[in-house]
Amino acid sequence: MSSGQPDGQCPGCGTGPSSEEQRAAERAADAAAAQTPLPEVTFSTFVMSLASSALVHLGEVPEPESGRTMANLPVAKHTIDILAMLQEKTGNCLAADERRLLEGLLYELRMKYVMQMK
């Protein structure tokens with residue numbers, strides 16, 4: 001018998017799906033995620049992930065979940081600052097291609113940030 005409430009909530013009590021239903025939903029989500037291969041975790045993919053996040057917060061690309069484009073400049077600046085901290089802390093420990101990637105990303109992100117501030 002259906003209560004007509006979304007997500008399995010009963011009327012008046014506000015309870016949601018049972019823990020068994022939640023576990024089943026989590027298993028289904030895990031199975032779907034397992035079908036999507038993730039890139040190998042390297043310094044470059046980590047830096048690219050942070051840069052992608054900064055681009056979303058700069059309003060340059062849409063948010064993956066909603067498809068909306070919205071700027072959040074304080075968060076964008078924070079992410080850029082994280083990349084700058086990584087550059088400072090890694091110093092001369094990076095391979096030449098990793099160093100160029102980080103320098104190039106920081107340059108581009110900083111320029112986009114400055115343009116957004118105008």
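Some points to look at:
- Net charge of neighbours whose Cβ lies under 12 Å from the Cβ of ILE80, counting Lys and Arg as +1 and Asp and Glu as -1: +1
- Surface composition of the stretch 58-118: carbon and sulfur atoms hold 56% of the protein heavy-atom accessible area at a 1.4 Å probe.
- Under Karplus coefficients 6.51, -1.76 and 1.60, residue-wise ³J(HN,Hα) of the stretch 60-69 in Hz, glycine/proline x: 7, 9, x, 5, x, 6, 9, x, 7, 10
The values are calculated or read from the model by the stated rules, or taken from the named source; none is laboratory data. Just so it is clear, the model here is predicted, and its values are computed rather than measured. All Cβ positions, even for glycine, are placed from backbone atoms using ideal geometry, and neighbour counts span all protein chains on display. Note: areas computed on protein heavy atoms with side chains; ligands, DNA, RNA excluded. Shrake-Rupley method; radii C 1.70, N 1.55, O 1.52, S 1.80 Å.
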